[in-house]
There are 2 protein chains.
Amino acid sequence: MLSAVAATGGNKLENKEISQAVIARLPRYFRFLGELKDEGIERISSQELSDIMKVTASQIRQDFNNFGGFGQQGYGYKVEYLYEEIGRILGLDRTHNLIIIGAGNLGQALANYINFERRGFLFKGIFDNDPELLGTKIRNMEVRPMEEMETFVRENEIDIAVLTIPKASAAAVAEKLAGTRIRGIWNFAHMDLNVPREVQVENVHLSDSLMKLIYNINKRDENF
Amino acid sequence: MLSAVAATGGNKLENKEISQAVIARLPRYFRFLGELKDEGIERISSQELSDIMKVTASQIRQDFNNFGGFGQQGYGYKVEYLYEEIGRILGLDRTHNLIIIGAGNLGQALANYINFERRGFLFKGIFDNDPELLGTKIRNMEVRPMEEMETFVRENEIDIAVLTIPKASAAAVAEKLAGTRIRGIWNFAHMDLNVPREVQVENVHLSDSLMKLIYNINKRDENF
């Protein structure tokens, strides 16, 4: 199994559809394993990993079994190997070219988040229609007008568009993007986008997340 | 059922623990119902709602049954009533005082996101240790030094802290916060926090979300 995973970069295995719940947990495994690696820890048992991550050891084993297991019974997991395998499964062994659409505070925050580059997420351009922003530099990028977006995407082999624009304009921009080579939209606009199924959308609806927190706070109050 | 929900503001019902999966869907219902309301639509059937939201009608009915149903058989849901009930369940009929810890790009982005105020999320203060930021104004707030945080939280009846600081300092700040009246942490620091169970934590791990998108893009490529 291990060699099979290694040989395929863990990728072929994914074609058995793996639940989005499992996928959603992979980055968290990747993050914790990266920390263990940085601490110089070479091996870890599913039980130790379970204690750190506060998920059950059986959950961990189940999750990893989706990708061939990774573990040597009794010896635990090799941290660096597991870290790299999960990274490969996530596609972090490749670089991806991104553009940001919307050069407001949030767009700037993401453009300036250097950790993304370490992961191979390369911000190539940032776009906005605000005349005041056009031409200004954000990190190493000059803010460009929206009209240049489609050409820029083609010429710079952009894979992913990050939408940090208001709801009002998001639908039209998403439609434009769907006509390009863009394969993924990381959507911060507070609406669900209608795009062809070839285009993957990952939503970050911040208000939804805050409302969930509010609910849990108020619920807890009642229970005390 | 309806009156029971109305009478309790839908709140008592929640003490039967409701799965976080259902809770996580409430803000999305709230968002779509708000849009319907703004469009002047008064009634909607679970089927119509299902078509717009792209979830099954039975899922919708199941979710709503957690809170007493809301619906009149055959007549569909009253949009405004449902919108207000879900808002009340989420706790949006109350205001909440927030502080932002970390006045960088992301902290500024959140501070400037006016829609939060409409929902009753009131940003009262913003804190940072960067001498260059201290005293500068972000929206209507002066950036204050971290040392003032605990006093400020007490004197301004702060409920929620938004953590937009680097991983390195997040753990220590979370520990400080746990000693205050803070009931919720909206955590953008790229780590999981250890806080007492009275403090609710909602994580927004942006890298995790982007990695999930990358995975789905690369997986799709293989399937084509």
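Things to note:
- Chain A: most fluctuating residue of A:ILE99, A:ILE185, A:ILE41 per GNM, C-alpha cutoff 10 Å: A:ILE41
- Taking a point 7 Å out from the Cα of A:ASN129 in the direction of its Cβ, the residues of the stretch A:150-167 whose backbone N falls within less than 18 Å of it are A:150-152, A:162-167.
- Considering all different alpha carbon pairs of the stretch A:15-89, the Kirkwood hydrodynamic radius works out to 12.3 Å.
- When shorter helices are ignored and each DSSP H run of at least 4 residues is given -39500 (n - 2.57), the per-residue value for chain B at 222 nm works out to -13500 deg cm²/dmol.
- Think of each Lys and Arg Cβ as +1 and each Asp and Glu Cβ as -1; about the Cα centre, that makes the dipole of the stretch A:80-224 roughly 140 debye.
- Based on alpha carbons, the Rg and Dmax found for the stretch B:62-160 are 18.7, 62 Å.
- Rg in Å to one decimal, and Dmax rounded to a whole Å, for the stretch B:122-180 via C-alpha atoms: 11.2, 28
- DSSP-defined antiparallel bridges as percent of all bridges, the protein assembly as shown, nearest 5: 20
- Panel note: contact residues of the stretch A:148-165 (accessible area lowered by at least 10 Å² against the chain on its own; 1.4 Å probe) correspond to A:ILE160.
- Total buried accessible area between A and B, probe 1.4 Å, nearest 100: 6400 Å².
- The protein assembly as shown - accessible surface per residue (Å², probe 1.4 Å): 46
- Each Lys and Arg Cβ is given +1 and each Asp and Glu Cβ -1; about its Cα centre, the protein assembly as shown then shows a dipole of about 780 debye.
- Most mobile listed residue (A:ARG144, A:ARG25, A:ARG88) in chain A, GNM with C-alpha springs under 10 Å: A:ARG25
- The equivalent ellipsoid of the stretch B:123-224 has semi-axes of 32, 17, 11 Å, largest first, where each one is the square root of 5 times an eigenvalue of the Cα gyration tensor.
- Taking the C-alpha atoms only, the angle from helix A:167-178 to the longest principal axis of chain A is near 80 degrees.
- DSSP finds beta bridges in chain B, and of those with both partners inside it, around 20 percent are antiparallel.
- Shielding of B:178-191 by partner chains, average beta-carbon count, 10 Å: 2
- Shielding by partners - mean other protein chain Cβ count within 10 Å, residues of B:81-93: 2
- Global dimensions of the protein assembly as shown from alpha-carbon coordinates: Rg and Dmax equal 22.7, 63 Å.
- Of the cross-linked pairs A:LYS167/B:LYS54; B:LYS124/B:LYS212; A:LYS78/B:LYS167; A:LYS37/B:LYS167; B:LYS137/B:LYS167, those separated by over 22 Å at the C-alpha level are B:LYS124/B:LYS212; A:LYS78/B:LYS167; B:LYS137/B:LYS167.
- Kirkwood Rh, angstrom, chain B [1 / mean 1/r, Cα pairs]: 19.8
The values are calculated or read from the model by the stated rules, or taken from the named source; none is laboratory data. Keep in mind that this is a model prediction, so the values were computed, not measured. Positions of Cβ are backbone-derived with ideal geometry, glycine not excepted, and every protein chain shown enters the neighbour counts. Accessible surface areas use protein heavy atoms only, side chains included; no ligands, DNA or RNA. Shrake-Rupley method; radii C 1.70, N 1.55, O 1.52, S 1.80 Å.
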